[in-house]
1. Among the candidates Arg47, Arg82, Arg52, Arg20, single out the residue that is surrounded by 10 or more Cβ atoms within 10 Å (Cβ to Cβ) and within 19 Å of Asp1 (Cα to Cα).
2. Can you tell me which residues in the stretch 13-60 are free of Cβ contacts under 8 Å to residues at least 12 places away in the same chain and among the charged types (D, E, K, R)?
3. Would you mind telling me which numbered condition in (1) out of contact with any Lys or Arg (no Cβ under 8 Å at 6 or more places or on another chain); (2) surrounded by 12 or more Cβ atoms within 10 Å (Cβ to Cβ); (3) not polar (S, T, N, Q) Val74 fails?
4. Can you name the number of the only condition in (1) surrounded by 10 or more Cβ atoms within 10 Å (Cβ to Cβ); (2) under 24 Å from Leu11 (Cα atoms); (3) not acidic (Asp, Glu) that Gly32 fails?
5. Take the residues of the stretch 35-44 that are aliphatic (A, V, I, L, M) and open to solvent by 50 Å² or more (accessible area, probe 1.4 Å): which is modelled with the lowest pLDDT?
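The values are calculated or read from the model by the stated rules, or taken from the named source; none is laboratory data. All values derive from a computational prediction rather than experimental measurement. Note: ideal-geometry Cβ built from the backbone for every residue, glycine included; neighbour counts use all protein chains shown. Side chains are part of the model used for accessible areas, which takes the heavy atoms of the whole protein and leaves out ligands, DNA and RNA. Shrake-Rupley method; radii C 1.70, N 1.55, O 1.52, S 1.80 Å.
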Amino acid sequence: DIHPENPQPRLIAQVVDALRDGALIAYPTSSGYALGATLGNAEAKERIIRIRKLDAKHDFTLVCADFAQLSQFVIVSNPVFRLVKNATPGP
């Protein structure tokens, strides 16, 4: 467990190391918990599919550190970027 308001850097480092080693993590969301892994970890993706009993066509969510990081993964026009940013909650 990591404290949501005062996380310990040592625990964050342990999670990062575990993710780099191929682990799955459970993290809280507004509607419960989600399973996560590093981008490109095909084995972890298959584990999530098995655990959640998903079909092969399931769309996964890409979690970014901030909204600006989106441009590293997709091409979005300026008007669409502004529209999505305005409709996305949070900082």
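1. Arg20
2. Asp17, Asp21, Glu46, Arg50, Lys53, Asp55, Lys57, Asp59
3. (2)
4. The failed condition is (1).
5. Once the filter is applied, the top-ranked residue is Leu39.
Residues checked against (1) modelled with pLDDT of 95 or more; (2) of a type in the set (D, E, K, R):
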{"position": "Arg10", "(1), (2)": "yes, yes"}
{"position": "Thr29", "(1), (2)": "no, no"}
{"position": "Leu54", "(1), (2)": "yes, no"}
{"position": "Lys57", "(1), (2)": "no, yes"}
{"position": "Val63", "(1), (2)": "no, no"}
{"position": "Ala68", "(1), (2)": "no, no"}
{"position": "Phe81", "(1), (2)": "no, no"}
{"position": "Val84", "(1), (2)": "no, no"}
